[in-house]
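Below is one structure; the comments refer to it alone.
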Amino acid sequence: MTRKISGLLFIILFSLPLTIAYHIDQQFFNDINTNDLQKMSSDDISHNIQNIEKSVKIKDLTPEQISSHIDELSDDGLNQLTKDQLSFKDSSGTPNINKVSDWNKLDKNAKDGALSEITKKSIVTDGITGGKVVGNGVEFDAIQFWKIDKTSINNCIKCSYDGSKIKFQHADSILTNESASTNIDNFDGYEDVFSVEKADTFISDCIRVDNIKDSEFRVSNQVEITTKSNVNLKITDCTFNEYQFSGKGKVVVDKSSDNPQYVIENGTLTKIEDGYNESIESNNSAVVETDNVFGFKCLTITPAGSYFYSDRDLRKDFVVNIPKESKVYRLCLRKSKAQLFKDYNGLVDLFEKKIELNGIVNYLRYPLKNNQTASLLSSFVYSGLRDINALFSYDNNLIFLNSIFLTNKNKINGNLSIVYPSNYYSIKEMEIGNEIHSVIQLNLNLKKEDTAQNINYEYGTDYFKPIARINGNVLIQDNGKNRLTILPPEHEKINDVWKDG
Amino acid sequence: MDKKAQIAFIIIAAIFIAIVAALVIYAANHFRNKNSAEPLVFEKTSIENYVSSCIKKTAEDSLRLLGRQGIIVLDSYLQAPNSGVEYYIYGSRSRVPPIEKLQSQLSDYLSLNINACLRDFEDFRSQGWDVEKGSANSKVQINQNDVLFEVELPLKVASQGSQLNFEKFSSLLNVRLKYIYDLAAKIADLNAKIPASVDRTDLGSYDVNVTVFPYKDSMVYDIRDSKSLIMGKPYAFRLALNFG
């Protein structure tokens, strides 16, 4: 018994000074003022780091003092670190924040403040994994939410800001001042100028883009998209009309909710209408004026470029091609009686079933045979070589050509045009002896079975009066005093010619 | 046989008789016209007309042959049904015969074939006339609106002590061969530059009918001139073009 009492007494006597000393130290740090604290040596801090933490005085240490003790801090101590302490860079240039392995243990305001201080950008973060300051930038292995200036990013993986640009491997969404994008891969850019390798959707005001790949965006009062590989972008503009841009080029669309305008470079813009598609393909650039009801309205094509009309009925398909030799060409498309156009180089009048083409331009269609499409390779119908006017009149279904009439109002000399009534005929308006002659050229290699559709139409010009009438591939020109007849291969009348005379 | 059948038989018989009568009358007129040539009398004009009509017939034959073939003596030609048609273009080379060549061939044709028509003046001899003739020497002049055929043929015809002497005969055919030839040359010239082509502007300025068609990898122009009638039919001229 005596031994037990003496043992207990020994323990009490031995530990009492320590307990008293501890209480004295803690009290000391509770009472210490900032000046005295900031006079402590590094060893003193190291020996008393827990007391300083407990007295919540970590924040009172200078950034330089705490710099070499951050790894000694407990979670509680880390949470006491201030913006200035975290943003401080030691003699080796390492910012204190980089000495913290888990930034989620830092005070949110201190952490975001430090990052803002380092990057000189307003930064808000949440749910960081693997944060690291690099130079004036910052990297995250992952971050649940990151806002830098006006750009907010959600669920970002491998994200960084390098002092000028934001980059990330993936994010569920990114919201900039002017736009929002979802499910983005390999983002590179800042605010409203950026590129992505892939994104599901981009939205800016009333413009929406889907199926995004390898594209660079510039967003302002318009959206400019530069595609870095051959891609197909689905664009829904402010009239809720859908267009598709394809190619390795550029498309710009404004935010007009009335009649938006597109500008394309080196690509194809397609509008899918009910029963037909329209496309403008630009090998240079084209301005596409649209109508919120009728789609394409007028196309200002800087050569070379082509307008494609593709119908469910292939026989109606056609192409108007502006070759590189042409000037800037304005092609308008009339789809309603109410639509009237004045300033144009070419007018496709789908309402009146007429096509008017001025200047240097090509017009192509699929060849027909037995009233059906004979080939899926387009054939030339007309090539305008100089500044003349060609008017094509079609049947009510826009399939069969009724007439072609050429007008040379400027009385130009030279090679004016080539018309291709069928694969047997071509008619050239060309200069012979300082005047324009209408010269028909025949394809002598054709067999009867190879000839295309039995065409029935009239061909005329304003400078040579007799009209050439082509019926069943027989061309007849009769001016009353003479008659020119051109027969197709193996025509039955050839035998009559041999017999007679 | 009932009455209706009898009436039908009579009507059919009447129609048959009427047709036979019409044919007999037509045939009679036809042969009377054929034999209604001017009777041959021993007079200068009559003999001149006789020889000139032979020249005309032979000249017409020569012009028809020239028109059908594009030349009289075929050289490089397209084989067409019943005849050849001379190539005015072969490959990219123009082969338009000079007009002098056509004149020469026409005159050769006339010299060679005139006697077939004259039958060595058998018609004269059968009248009891004496005929003494020299060798025929022809000359042809192709003009814009006609073709002049001239034959130097020394001829003495004697009957009952009288003698008529002739040196030269001629016939002028209203065939616009030079006009057509110029057109053909123009066609060839155009096609040498632009193969397989038809200048509808140029052809519109010639008052002829032109038919163009492909035949055996070649191109044929058939020109018909209703202002140049031979035996009442528009003159026909053909040329072939081959572009190799």
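Quick note: the coordinates plus some simple rules give every number you see, no bench work behind them. Just so we're clear, the structure is a prediction, and the values are computed from it rather than from any experiment. Note that we place each Cβ from the backbone using ideal geometry, even for glycine, and neighbour counts take in every protein chain shown.
Among A:Asn183, A:Gly135, A:Leu377, whose Cα lies farthest out toward the positive end of the dipole of the protein assembly as shown, if unit charges sit on the beta carbon of Lys, Arg (+1) and Asp, Glu (-1)?
The Cα lying farthest towards the positive end belongs to A:Leu377.
Would you mind giving the mean number of other chain beta-carbons within 10 Å of the Cβ of each residue in A:464-472, as a whole number? Please list the in-between numbers first.
Details: counts 3, 1, 4, 0, 1, 0, 0, 0, 0.
Taking all residues of A:464-472 together, the mean is 1.
How much net charge surrounds B:Ser83 when only the other residues with a Cβ under 9 Å from the Cβ of B:Ser83 are counted, with Lys and Arg +1 and Asp and Glu -1? Could you put the intermediate results ahead of the total?
Values: positive: B:Arg68, B:Arg238; negative: none.
Here the charged neighbours net out to +2.
For a quick protection proxy, order the peptides B:230-243, A:480-493 by their average other-Cβ count within 10 Å, most packed first. Intermediate values should be presented prior to the final figure.
Details: B:230-243: 20.1, A:480-493: 17.4.
By packing density, highest mean first, the sequence is B:230-243, A:480-493.
Using the crude model of +1 on Lys and Arg Cβ and -1 on Asp and Glu Cβ, and no other charge, please compute the dipole size for segment A:311-350 relative to its Cα centre, in debye to 20.
On the way: 10 positive and 6 negative charges, 26 e Å.
Here segment A:311-350 has a charge dipole of around 120 debye.
What do you get for the angle between helix A:108-119 and the principal long axis of chain A? Use alpha-carbon atoms, 0 to 90 degrees, nearest ten.
Helix A:108-119 sits at roughly 60 degrees to that axis.
Any chance you could give the angle, 0 to 90 degrees and rounded to 10, that helix A:2-31 forms with the longest Cα principal axis of chain A?
Its long axis makes an angle of about 50 degrees.
So how strong a dipole does chain B carry about its Cα centre when Lys and Arg Cβ are +1 and Asp and Glu Cβ are -1, to the nearest 20 debye? Can you show the working numbers first?
Values: 28 positive and 27 negative charges, 143 e Å.
It comes to approximately 680 debye.
Report ³J(HN,Hα) in whole Hz for each residue of segment A:135-146, in order, from the Karplus equation J = 6.51 cos²θ - 1.76 cosθ + 1.60 where θ = phi - 60°; Gly and Pro get x.
Coupling constants for segment A:135-146: x, 9, x, 8, 10, 10, 5, 7, 8, 6, 8, 9 Hz.
Please label the shape of chain B as rounded, prolate or oblate, based on the square roots a ≥ b ≥ c of the eigenvalues of the alpha-carbon gyration tensor (a/c under 1.5 means rounded; beyond that, a/b larger than b/c means prolate, else oblate).
On the way: a/c = 2.85, a/b = 1.14, b/c = 2.49.
Oblate, because a/c is 1.5 or more while a/b does not exceed b/c.
Taking every residue in B:228-237, how many Cβ atoms of other protein chains lie within 10 Å of its Cβ, on average? All intermediate terms of the calculation are to be shown ahead of the outcome.
Numbers: counts 0, 0, 1, 0, 0, 2, 2, 1, 3, 1.
The mean count of partner-chain Cβ atoms within 10 Å per residue comes to 1.
Positive end of the dipole of the protein assembly as shown, charges at C-beta (+1 Lys, Arg; -1 Asp, Glu), about the Cα centre: which of B:Ile180, B:Ile10, B:Ala59 has its Cα farthest in that direction?
Towards the positive end, the residue furthest out is B:Ile10.
Which order, highest average first, do A:154-167, B:63-76 follow once you tally other Cβ atoms within 10 Å for each residue and take the mean per peptide? Write down the numbers at each step before the final one.
Numbers: A:154-167: 18.1, B:63-76: 20.0.
Ranked by mean Cβ neighbours within 10 Å, highest first: B:63-76, A:154-167.
Compute the angle between helix A:42-54 and the longest alpha-carbon principal axis of chain A, please, reported from 0 to 90 degrees and rounded to the nearest 10.
Taking Cα atoms only, the helix is inclined about 80 degrees.
Can you give me the long-range amide H partners of A:Asp90? Hydrogens built in the peptide plane at 1.01 Å from N, cutoff under 5 Å, separation of 5 or more residues or another chain.
When sequence neighbours closer than 5 places are left aside, the close amide H contacts are A:Asn96.
Sum up the charges of everything whose Cβ sits under 11 Å from the Cβ of A:Gly137, counting Lys and Arg as +1 and Asp and Glu as -1, but leave A:Gly137 out.
Details: positive: A:Lys120, A:Lys121, A:Lys132, A:Lys165, A:Lys167; negative: A:Glu139, A:Asp162.
Summing Lys/Arg as +1 and Asp/Glu as -1 gives +3.
Is the C-alpha gyration tensor of chain A telling us rounded, prolate or oblate? Criteria: a/c under 1.5 is rounded; beyond that, a/b larger than b/c is prolate, otherwise oblate. Can you show the working numbers first?
On the way: a/c = 5.15, a/b = 4.38, b/c = 1.18.
Prolate, since a/c reaches 1.5 and a/b exceeds b/c.
Once you have a ≥ b ≥ c as the square roots of the Cα gyration tensor eigenvalues for segment A:53-114, tell me rounded if a/c is under 1.5, and otherwise prolate or oblate according to whether a/b is larger than b/c.
Working: a/c = 1.44, a/b = 1.20, b/c = 1.20.
Judged from the Cα gyration tensor, segment A:53-114 comes out rounded (a/c under 1.5).
For the protein assembly as shown, what is the charge dipole size about the Cα centre, in debye to the nearest 20, if Lys and Arg each add +1 at the Cβ and Asp and Glu each add -1 at the Cβ?
Numbers: 85 positive and 96 negative charges, 615 e Å.
About 2960 debye.
Along the charge dipole of segment A:74-193, Cβ charges K/R +1 and D/E -1, which of A:Gly113, A:His170, A:Val124 sits furthest on the positive end?
Comparing the listed Cα positions along the dipole, A:Gly113 ranks first.
In peptide B:207-219, what is the residue-averaged number of other protein chain Cβ atoms found within 10 Å of each Cβ? Can you show the working numbers first?
Values: counts 5, 4, 6, 6, 10, 8, 13, 15, 7, 1, 2, 1, 3.
That works out to 6 on average.
Please list, ordered by chain and number, the residues whose modelled amide H lies under 5 Å from the amide H of A:Ile467; skip anything fewer than 5 residues away on the same chain.
A:Asp478
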